[in-house]
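Asker: Before anything else, here's the structure in question.
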Amino acid sequence: MENIKRKILKLKDELNRHNYRYYILNDPIISDFKYDEMLRELEALENKYPKFKTLDSPTQRVGAPILKFFKPLEHRTPMLSLSNAKDQNEIVDFYHRILKLLKLNNVEFVGETKLDGIGVELIYENGIFTAGATRGDGYIGENITQNLRTIRQIPLKLLGDNIPEILEVRGEVIISNENFQELNRNRENKNEPLFANPRNAAAGSLRQLDPKITEKRPLEIYIYAFGEITDNNFETHWDFLKQLKKWGFPTNPYNKILSDEKEMIKYFNKMENDRNTLPYDIDGIVLKVNSLDHQNKLGTRTRNPRWAIAGKFKPKQEITQIISIDEQVGRTGIITPVANLKPVKISGATISRVTLHNQDEIDRKDIRINDFVIVERAGDVIPKVIKVIKKKRTNNTKTYKLPKKCPVCNSPAIKIENGALLKCSNISCPAQLKKSIEHFVSKKAMDIAGAEATMNLLVEAKLISNVAELYDLKEEDLVELERFGKKSAQNLIKSVDKSKNTSLQKLIYALGIPNVGEYTSKLLAKKYGNFKSLLNAKQDELVEIEDIGPIVAESILTFVKEEKNIKVINSLFQHEINPTYDNSKNELQKLKNKTFVLTGTLENYTRDKAKSLIENAGGKATNTVSKKTDYLIAGSNSGTKLKKAKKLNIKILNESEFKNLFSE
Ligand code: IVH
């Protein structure tokens, strides 16, 4: 038995080292064939002697079960973000700010690339990778351990020595431009929707509930920061980066020590100049004070450390040609001109359509069909036309005017907002109808499962002409339609029926009142308690609500006075869709005015679910433990919050005690 254990240990160790040579050093010393052979040997042994199967085994990168949702994972130390410098001057300002704060004449920095991917945290306990999470809101992320395991560059077991008891490292998961192109080519072949850019592809891949899908995605990672480290005695950030390599982590090859202001600027300019030659997207550089002692002295603001800054590059621009201009009709009937471009690639994404906003914008920039234009795209921001290149204009350009009629239903278009916008005058316009029904059934609204994709079909077949008619749908109508079987018809009707039990705030949101999003819907639900009262809302009442201004108030009043809308709402009432916001019940609720903090991982609740249970019972869920906290709900792996709560003598409940609060 000892022999077998030793054999397994040796195989694991060797495989982990070969993995490192292959994925980190790009310098394998055995063939892929040999590697696979060893892996299969290990697998066979582990299957025969499962008690020797451990978390750090290279066989454990795949095969984890499909999850229902990601559990929350609280960061022991918050994952901060960086403040920005938008040009050289702001970098110089930053440098002088640091000198002044430290009262020094010279400070050393480390320059790094600002990778445009997804920030994650990896946790190692005694050298073994035990958990990993997304950044989330900086305090609580999602536990995506099993997806991270599939990334071959992530060591499952640290190499070398000096292994801390707890080591938390942070880095960026990315997809290279080349791999991104290939991923999208494959998706196109399979008729799957394309990813907009490498960053979205990386994010989507990390958020798969089935790790088998993540495993097939070409994810890479670079590590650049730490969270908690037991007995951290690094003196500089550079020492930490060096140690990362020894432990087997990938660090970015462009990391560089910068000894003064001049070198910082040089690095910024060089990286901006070279960004197109890099295999992945970067949107700037990051400058970090090298000495950890100095970092500590400088400290952090609420969201950003004082000792680091992101030097942002100018957004990428490309020149292309406008082939044609057409119009889009939105949910509220606004008609927007959209330019069709000769497709052009800007930082990984292919841009072929760009909104021109309105006629004023087109006239001001003198944009014509067939013009050559500069198009800009900054990160996730919607691309825009910066200007026309007049020098390239030829005789075949044509001016464009928005039509006087709706391009979808041919009804007259009317000018609104002092003529700035154009709107279709027909509230039953099919374009508006389709979009408003899609919004109505969407997850954050009435949450009618699987309905979003089929709404077009129902509108085109004239089965529904407003959202209330969804509740009149019959199985026999649906089965007539192409693509609908008995089963899918029944399912749709079931979920339509289920949606009747929605909350007041979701119903308000679902109706798509212009300028009323989820948050405002919640405020309105609280204030009016039911939809009938909201129908009688008055201007002065509305503006009294904090966060509701005159424009939103006007928008609500216009909506609830519109004859057609009242009809639809009445018809919803007739279908017994009339939820109330139960203020009176809150009075009786035992959690009223109680403040809760959640920490650690709960087995049976997501963080959001737990929060909404508390809030529905009249309580408040906050993020920080203080004297005002009434209860701390502690799941497994609770950290500093638990300590603090104990110190402050705050009542601590475990998961089952928490559950009992709601069971009566
Ligand atoms: S350091 C306290 N270094 O940028 C410092 N971040 O706005 C926190 N990022 O959330 C991060 N490259 O996802 C750091 N070389 C780098 C980075 C980097 C990209 C991302 C990271 C972070 C965001 C900060």
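Rule-based calculations on the coordinates, nothing more; no lab input. Since we're looking at a predicted model, the values are computed, not measured. Neighbour counts run over all protein chains shown; Cβ positions are idealised from the backbone, glycine included.
Asker: Regarding the chain, what's the average projected area of the Cα-atom convex hull, expressed in nm²?
Answerer: For the chain, the mean projected area of the Cα convex hull comes to 37.3 nm².
Asker: Debye calculation, C-alpha points only, no solvent: report log10 I(q)/I(0) for segment 1-82 at q = 0.10, 0.12 Å⁻¹, in the same order as the q values.
Answerer: For segment 1-82 at q = 0.10, 0.12 Å⁻¹, log10 I(q)/I(0) is -0.38, -0.52.
Asker: Output the pairs from Lys527/Lys561; Lys522/Lys561; Lys270/Lys316; Lys245/Lys314 with a Cα-Cα distance over 27 Å in this structure; if there are none, say none.
Answerer: Values: Lys527/Lys561 19 Å; Lys522/Lys561 21 Å; Lys270/Lys316 16 Å; Lys245/Lys314 31 Å.
From Lys527/Lys561; Lys522/Lys561; Lys270/Lys316; Lys245/Lys314, over 27 Å: Lys245/Lys314.
Asker: Could you list Leu101, Leu632 so that the one with the fewest beta carbons within 10 Å of its beta carbon is first and the one with the most is last?
Answerer: Details: Leu101 15, Leu632 22.
Ranking Leu101, Leu632 by Cβ neighbours within 10 Å, fewest first, gives Leu101, Leu632.
Asker: I would also like to ask the following. Got the relative contact order for segment 393-487 handy, in percent, Cα pairs under 8 Å and 6 or more residues apart?
Answerer: Details: 77 pairs, mean separation 13.7, N = 95.
Relative contact order comes out at 14 percent.
Asker: Work out, step by step, the length gained on full extension between Thr558 and Arg97: first 0.36 nm times the residue separation, then minus their alpha carbon distance; give nm to one decimal.
Answerer: Numbers: separation 461, 0.36 × 461 = 165.96 nm, distance 5.15 nm.
Fully extending the segment from Thr558 to Arg97 adds 160.8 nm.
Asker: Run the quick spin-label model on Leu67 and Ser425: label points 7 Å from Cα toward the beta carbon, then report their separation in nm to one decimal.
Answerer: 5.4 nm
Asker: Calculate, axis by axis, the spread of Cα positions in segment 545-664 along the three principal axes, and write the results as whole Å, longest axis first.
Answerer: Extents along the principal axes: 59, 33, 26 Å.
Asker: Which entries in the list Lys34/Lys71; Lys506/Lys538; Lys384/Lys443 go over 26 Å, if you measure between the two C-alpha atoms of each? Display every interim value, and only then the final one.
Answerer: Details: Lys34/Lys71 38 Å; Lys506/Lys538 21 Å; Lys384/Lys443 29 Å.
In this structure, Lys34/Lys71; Lys384/Lys443 exceed 26 Å between Cα atoms.
Asker: With 29 Å as the cut-off, how large is the P(r) tail for segment 75-231, expressed as percent of Cα-Cα pairs? Present the calculation step by step, with values, prior to reporting the outcome.
Answerer: Values: 3799 of 12246 pairs.
Of all Cα-Cα distances in segment 75-231, 31 percent exceed 29 Å.
Asker: For segment 435-543, run through the GluC sites (Glu not before Pro) and keep only the ones in DSSP coil with at most 15 other Cβ atoms within 10 Å of their Cβ. Write down the numbers at each step before the final one.
Answerer: On the way: sites: Glu438, Glu452, Glu460, Glu469, Glu475, Glu476, Glu480, Glu482, Glu518, Glu541; in loops: Glu480, Glu482.
Those satisfying the criteria are Glu480, Glu482.
Asker: Something else about it: Say the cut-off is 32 Å between C-alpha atoms; which of Lys462/Lys500; Lys114/Lys594; Lys114/Lys246 go over it? Show your work: numbers first, answer last.
Answerer: Working: Lys462/Lys500 22 Å; Lys114/Lys594 42 Å; Lys114/Lys246 23 Å.
Lys114/Lys594, as the Cα separations exceed 32 Å there.
Asker: Take every Cα pair under 8 Å in segment 1-153 that's 6+ residues apart, average their separations, divide by the length, and report that relative contact order as a whole percent.
Answerer: On the way: 129 pairs, mean separation 39.6, N = 153.
Relative contact order, segment 1-153: 26 percent.
Asker: Something else about it: Between segment 442-486 and segment 161-235, how far is it from one alpha carbon centroid to the other, in angstrom?
Answerer: 38 Å
Asker: How big is the Cα convex hull of segment 70-141 in projection, averaged over all directions, in nm²? List each step's numbers first, then the result.
Answerer: Values: hull surface 29.2 nm².
Computed as one quarter of the Cα hull surface, the answer is 7.3 nm².
Asker: Further, regarding this structure: Give the residue list of trypsin sites (Lys or Arg not before Pro) in segment 601-654 that are DSSP loop and have at most 13 other beta-carbon atoms within 10 angstrom. Working shown, then result.
Answerer: Numbers: sites: Arg607, Lys609, Lys611, Lys620, Lys627, Lys628, Lys641, Lys643, Lys644, Lys646, Lys647, Lys651; in loops: Lys627, Lys628.
Listed in order of number, the matching sites are Lys627, Lys628.
Asker: Each label point is 7 Å from the Cα along the Cα-to-Cβ direction; what then is the distance between the points at Phe662 and Glu576, in nm?
Answerer: About 2.5 nm separates the two model spin labels.
Asker: Let me ask something else. Quick one: Debye curve from the C-alpha atoms of segment 98-187, no solvent, what's log10 I(q)/I(0) at q = 0.22 Å⁻¹?
Answerer: Debye curve over Cα of segment 98-187, log10 I(q)/I(0) at q = 0.22 Å⁻¹: -1.11.
Asker: Just grab the label-to-label distance for Val479 and Ile128, each label 7 Å out from Cα along the Cβ direction, in nm (one decimal).
Answerer: Placing both labels 7 Å along Cα→Cβ, they lie 5.6 nm apart.
Asker: How many angstrom separate the Cα center of segment 267-340 from the Cα center of segment 364-433?
Answerer: That distance is 26 Å.
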